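Undergrad: Quick one: the structure is below, questions incoming.
None of the figures in this text is laboratory data; all of them are computed from the coordinates on show. Note that this is a predicted model, so its numbers are computed, not measured. Because the Cβ atoms are built from the backbone with ideal geometry, glycine has one as well, and the counts that use them run over all protein chains shown.
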Amino acid sequence: MVTKEEIMKIAILSKLFVADDEIDKLTKDMGEIISFADTINNAADEGGDFDNINNLSNVLRDDEVVPSFEREKILQNAKDSDSGCFLVKNIMK
Amino acid sequence: MSESKIAKLHEGLVNKDFSCTELTKKYIEAIERDNGTLNAYVTVTADTALETAERVDKKIADGKDIGLLEGIPMTLKDNISTEGIRTTCCSKILEDYTPIYDATVWDILKKDNAVLLGKTNMDEFAMGSSCETSYFGGAKNPHNVNHVAGGSSGGVASAVGGNIAVYGLGSDTGGSIRQPASFCGIVGLKPTYGAVSRYGLIAYASSLDQIGPITTNVEDAAIIFDAISQYDDMDSTSQGRKGAPVCRNLKNDIKGIKIGIAREYLDGVRDDVRTAVEEAAEVYKSLGAEIVYFDLPSLKYALPVYYIIACAEASSNLGRYDGIRYGYKAENYKDVNDMIKKTRSTGFGEEVKRRILLGTYVLSSGYYDAYYKKAQNLRGTIISAFKKAFEICDVILAPTVPMTAFENGHAVSDPVETYLTDICTVPVNICGLPGVSVPCGFGSNGLPIGVQIIGDSFTEAKILNAAWQYENAANKFKSTDFGISI
């Protein structure tokens, strides 16, 4: 059974806050979902290796310089930008 | 007799029975009238639609030939990128996001002068089976607005079923094209993984996602599939269509083909749905097909395998939403980490957060082997089982959904119960196979039922031909009170 502590740890890894009033319901929901996922543990390990579907293989292209998007265009969806860069609060002092 | 709506409208345009502008205006008026009830569209692009219509009219006036898709009013699910037109994934986190490039599928159709009426509603990030996890509220079923249109491509299905669009493109990760098509009494095709480019489709689970058409009839689905199934070097998993255009292989005799029914697909299916599927099998028999029953025991693991893999991929794909480069950004925060956490916690809805958490859980240290690795291993087992099935039959017949459309509000109350309703659709995504849902009757509550025809990889021509033959023999399409009548 999944515990509140585990949910809190997973939330940190997921970069999500879980509010105090959400944690009980979330633990219950996640518990149900995880016990549903647990049903696969009844399956015999048949070693049916999964490589890929439809025998796809990586497609590599030649490393050529091709036109890309203009910097201005890329920045137009950012909430904050400055001097052609995405703007964030300083990470290091 | 089954009839292509696209071909009929094309003929009308070419014969000058009506102009493209007149046709487009009729659709826009119908959207203005009916969208308040159906909630199918989240963005209406009337101006660009009329501009395209004008271009098509000029071509016709100049005596030039027009292609089959030119001037036909259509829609796109709101996770398909459209340059200069807001694309929200029906999430608060992308509420004001405007792509700077077109998805390949839209690039193809735009060059064909397809008339885009607008972008349609969906479950947030395509995560849901009722369209109700949408930030903009769910799309309604045109057969009964007290019921959902289904999900996640609920808006496209509602618009096409309610005839406020001729056709639309949706995306299918675990049934998101076929399930709403089934709920709304129309046709939905999930192509083989790799047949249609995913470039510009906002990712949910990249090894399962695939774009496909939602239409009122099988021939239209074939027409759209032929147009969009092109190799694309912007998608590293792209293969394009293999073989001749599928339209050329529609209407072929199906005498002697073997149609498989896996007994497990009928377990737990509601009685009226089971009866409708069995009746469809009888229609096939009358057309000279042979019905072969077989067992597919690994099918019982398909759902947990699907949810583990889909959520694992989602937790990684949705890591990009950090408020820095695009989308919603939280306002009051201490530092970068706090900003990212606040942005994601406020920007994502409940179901999306649940799936990110589940995905992170199954990928985290200590759980990876028990869940993710085991699920991938079982994925291999299920793929082998389907390959074996296609040694004894040409196509597989199954229900699309074990029931008809849920009542509004029902799906959101119990996540696991709702996940279980995806049982008949997820195996196709796990195996990368093509599947098409076709209307096969109405349930005891008067709502549409769909039957699914599944084929081996890259056999869209085979499944669409089988679907066309059924539709032609027992057309179960019924128009609704919405939209325009043609």
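Undergrad: Could you compute Rg(Cα) / (2.2 N^0.38 Å) for the protein assembly as shown, with N its residue count?
TA: Cα-based Rg divided by the globular estimate yields 0.94.
Undergrad: Now for a separate question. What longest range of chain B stays clear of loop-exposed GluC sites (Glu not before Pro) (DSSP non-H/G/I/E/B, at most 16 other C-beta within 10 angstrom)?
TA: Longest stretch, sites excluded: B:96-330.
Undergrad: State the Cα centre-to-centre distance between the range B:247-325 and the range B:94-123 in whole Å.
TA: 28
Undergrad: Once the Cβ-Cβ distance between B:SER444 and B:TYR231 is put in as r, and R0 is 60 Å, what FRET efficiency do you end up with, to the nearest 0.05?
TA: 0.85
Undergrad: As a test, work out the antiparallel percent of DSSP beta bridges whose residues both lie in chain B, rounded to the nearest 5.
TA: Given both bridge residues lie in chain B, the antiparallel proportion sits at roughly 65 percent.
Undergrad: Which trypsin sites (Lys or Arg not before Pro) from the range B:293-331 combine a DSSP loop assignment with at most 13 other Cβ atoms within 10 Å?
TA: Listed in order of number, the matching sites amount to none.
Undergrad: If you take the beta carbon distance between B:GLU3 and B:LYS285 as r and set R0 to 30 Å, what does 1/(1 + (r/R0)^6) give as a FRET efficiency, to the nearest 0.05? Kindly include the intermediate steps, with their values, before the conclusion.
TA: Values: r = 25 Å, r/R0 = 0.82.
Using R0 = 30 Å, I get an efficiency of 0.75.
Undergrad: What is the magnitude of the charge dipole of the range B:1-128 about its Cα centre, with +1 placed on the Cβ of each Lys and Arg, -1 on the Cβ of each Asp and Glu, and no other charges, expressed in debye to the nearest 20? Walk me through the numbers on the way to the answer.
TA: Working: 16 positive and 23 negative charges, 31 e Å.
Around 140 debye, computed over the range B:1-128.
Undergrad: Give me the net charge for the shell around B:THR37: Cβ to Cβ below 13 angstrom, other residues only, Lys and Arg +1, Asp and Glu -1.
TA: Taking every Cβ under 13 Å from that of B:THR37, the sum is -1.
Undergrad: Between B:SER413 and B:PHE18, what FRET efficiency comes out of the Förster formula 1/(1 + (r/R0)^6) with R0 = 56 Å and r the beta carbon distance, rounded to 0.05?
TA: 0.75
Undergrad: For the range B:76-168, which chymotrypsin sites (Phe, Trp or Tyr not before Pro) pass both filters: DSSP loop (anything but H, G, I, E, B) and at most 16 other C-beta atoms within 10 Å?
TA: Passing both the DSSP loop test and the Cβ count: B:TYR101.
Undergrad: If I stretch the segment between B:THR275 and B:LYS478 completely, what's the gain in nm (0.36 nm per residue apart, minus their alpha carbon distance), one decimal?
TA: That works out to 71.2 nm of additional length.
Undergrad: How far apart, in nm, are two points set 7 Å out from the Cα along the Cα-to-Cβ line at B:GLU350 and at B:GLU32?
TA: Taking the two extended label points, one gets 3.7 nm.
Undergrad: Report the dimensions of chain B along its three principal axes from the alpha-carbon atoms, largest first, rounded to Å.
TA: If we take the Cα atoms of chain B, the spans are 65, 53, 44 Å.
Undergrad: I've got another one for you. In debye, nearest 20, what is the charge dipole magnitude of chain A about its Cα centre with +1 on Lys and Arg Cβ and -1 on Asp and Glu Cβ, if you could check?
TA: Magnitude of the dipole: close to 600 debye.
Undergrad: Ok, one more. Compute the signed sum of charges (Lys and Arg +1, Asp and Glu -1) over the other residues within less than 15 Å, Cβ to Cβ, of B:ASP96.
TA: On the way: positive: A:LYS79, B:ARG86, B:LYS92, B:LYS119, B:ARG325, B:LYS329; negative: A:ASP80, B:ASP78, B:GLU95, B:GLU331.
Residues close to B:ASP96 contribute a combined charge of +2.
Undergrad: On to the next question. Please compute, for peptide B:372-384, the average count of beta-carbon atoms on other protein chains lying within 10 Å of each residue's beta-carbon.
TA: Values: counts 0, 1, 5, 4, 4, 8, 7, 4, 8, 8, 2, 7, 4.
Per residue, the average neighbour count from other chains is 5.
Undergrad: Provide the net charge surrounding A:VAL88, with neighbours chosen by a C-beta distance below 12 Å and charges set as Lys +1, Arg +1, Asp -1, Glu -1. Don't skip to the end; give the middle numbers.
TA: Values: positive: A:LYS79, A:LYS89, B:ARG325, B:LYS329; negative: A:ASP80, A:ASP82, B:ASP322, B:ASP335, B:ASP338.
That works out to -1.
Undergrad: Something else now. Quick one: order A:SER14, A:SER68, A:SER83, B:SER134 by neighbouring beta-carbon count within 10 Å, fewest to most. Each step should come with its number before you reach the end.
TA: Working: A:SER14 24, A:SER68 8, A:SER83 5, B:SER134 27.
So the ranking, lowest neighbour count to highest, is A:SER83, A:SER68, A:SER14, B:SER134.
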